[in-house]
Structure formats: structure tokens, C-alpha cells
Amino acid sequence: MTKDNLVLQGRRIRLEPLDRRHIEGLAAASAVDPSLYRWSPIPQGEAEAAKYVETALAWRDAGVAVPYATVRMKDARMTDARMTDARMTDARQNDNVVIGSTRFWNLERWAWPPDHPSHGRTTPDACEIGYTWLTQSAIRTGANTEAKLLMLTHAFEVWHVLRACFHTDARNQRSRAALERIGAQFEGILRAHRMAADFIPRDSVRYSIVAAEWPTVKERLLGFMDRP
């Protein structure tokens, strides 16, 4: 399940299984404006990007994560009348290149009893989506919305998970707003939950989507995708 090398293809982006061939692209994507990543541990330079990829692949091989490189597609729609000529030129120059990364992780497999219909499942019962970041030119372009649509569709309609969750630094207002915008439900704040990007104990805000909520969330995401 974690080693099927499945590409998730959208209209604007595709999610490619993360590989060592993406190292140079990740380093270039994160170098544009490092100040964007105040709350997230993003690799800077090829040495850090190589370590980032090796860690992700080790998690993949251990069966606890499915990491992706986010790639802007050559035929992505760039017809928004509000897009400036400079931004259109920048987008075209960056066709089919890595613009960030994301992953499924914290894959949970529950201990269903032998007589339960879910006993013997080979796919996760629940998952987390995280380690998501984009280069500056991809922010507010629909790339993150489509990545969430692709991943949540895979989680709920292929894996048939019961819950997908997200954690973000409590100080990261942009990430919190983005999760609330797509319909993820606020569950609470976990105090001193993880090490923050600035190496302090981080309070994490937890959001989730459960299977019963997925049809409504999917409709919402599709509506966003139909906008310019």
C-alpha cells in the first residue's frame, strides 16, 4: 500500500511519489523565499533536501508514510484575467517543475477482531496529511486546494479511511485558515505537542475530516477548483 508508486494527477498539479530525483527541485523551490516557512521545517539547499528525501523514503519503507513531490503541470490552466503578465510568464517558465511537497503519514492500522468485517484490511484506517509546503509562486494558485482534493479523494475513496487529520503550529494563522476554508473541523489544541521549526515545544492545532463529512468537503473543494 505504501510502495505502489501511485501518481495522483490533477488539472493544475500532479503528486509524484517522492524520489531522489526530486532533490534539486525541492532545493530550488524552497530557496525562493525562506521567510515563508517560519512555522514549518523546510529543507534549505541540496544537502538538506537530500536528507529530507532520505528521511521521507525511510518512513515510506517502514510503512508509516507516503511522501510526494508536488509538480506544476505543463498544461495547467492559467487563464485567470486577474493574473499579471509577469506572473503568467513566471508560471510558464516553471512548467513541469517541483513546486513543493506533501505526504500522508501517521498511517493508523487498527486491531480489528477476527470476526469484524474490517479485519484483514490492507489499507490504513486513519491517516494524517502534513509536511505540506509550496514555493512562493504556487501560493494562492489553487495548487494546495487541488493537492488536498487529490489526497483526500485517495484517502476516503481508495483507502476508505475513517478519518484524515491535520496538525499545524498554533501560531500559523495562514495554515489554520486554509484548513477551516476546506471544511476541516477544529478539534482542539495539543500543548507542547511537537518540536516547532524554531526549536521550541510547539502547541499544535488539530483538525480532522471523518468519512461521513467527506462528501460535503469534496463538493466544497470541487467548487473551489471551478473558480478562476
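The values are calculated or read from the model by the stated rules, or taken from the named source; none is laboratory data. The structure displayed is predicted, hence computed values, not measured ones. Please note: Cβ atoms are built from the backbone with ideal geometry, for glycine as well, and neighbour counts cover all protein chains shown. Surface accessibility is based on the protein's heavy atoms, side chains included, excluding ligands, DNA and RNA. Shrake-Rupley method; radii C 1.70, N 1.55, O 1.52, S 1.80 Å.
Could you put TRP105, TRP159 in order of accessible surface area, largest first, with the 1.4 Å probe and the full protein assembly present?
TRP105, TRP159
Would you calculate, for the chain, the mean residue ellipticity at 222 nm contributed by helices, counting each DSSP H stretch of 4 or more residues as -39,500 (n - 2.57) and dividing by all residues, to the nearest 500?
Values: 6 runs with 72 residues, N = 228.
Per the formula, -10000 deg cm²/dmol.
Dipole size in debye (nearest 20) for the range 109-186 around its Cα centre, Lys and Arg Cβ +1, Asp and Glu Cβ -1?
Details: 9 positive and 7 negative charges, 66 e Å.
Once rounded to the nearest 20, the dipole reads 320 debye.
Quick one: with all protein chains in place, what share of the accessible area of the chain is carbon or sulfur, to the nearest percent (1.4 Å probe)?
On the way: 6250 of 11930 Å².
C and S fraction of accessible area: 52 percent.
Once fully extended, how much extra length lies between VAL97 and ARG121, figured as 0.36 nm per residue of separation less the alpha-carbon to alpha-carbon distance?
Values: separation 24, 0.36 × 24 = 8.64 nm, distance 3.58 nm.
Contour length minus the Cα-Cα distance gives 5.1 nm.
If r is the Cβ-Cβ distance from GLN173 to THR153 and R0 is 25 Å, what FRET efficiency results, to the nearest 0.05?
Values: r = 27 Å, r/R0 = 1.08.
The pair GLN173/THR153 has a calculated efficiency of 0.40.
Heavy atoms of the protein only, probe of 1.4 Å, neighbouring chains included. What is the accessible area of MET225 in Å², nearest 10?
Rounded to the nearest 10, that gives 10 Å².
Just how large is the dipole of the range 89-228 about the Cα centre, in debye to the nearest 20, putting +1 at every Lys and Arg Cβ and -1 at every Asp and Glu Cβ?
On the way: 18 positive and 16 negative charges, 67 e Å.
Using only the charged Cβ atoms, the result is roughly 320 debye.
Indicate the gyration tensor shape class of the range 129-228 (rounded, prolate or oblate), computed on the Cα atoms with a ≥ b ≥ c the square roots of the eigenvalues: a/c under 1.5 is rounded; otherwise a/b larger than b/c is prolate and the rest oblate.
Values: a/c = 2.05, a/b = 1.33, b/c = 1.55.
In terms of gyration-tensor shape, oblate.
Which one, (i) 15.6; (ii) 14.1; (iii) 12.9, gives mean projected area of the Cα convex hull in nm² as derived from the coordinates shown?
Label (iii) holds the value from this structure.
Keeping all protein chains in place, calculate the accessible area per residue for the chain (probe 1.4 angstrom), answer in Å². Walk me through the numbers on the way to the answer.
Working: 11930 Å² over 228 residues.
Accessible area per residue, the chain: 52 Å².
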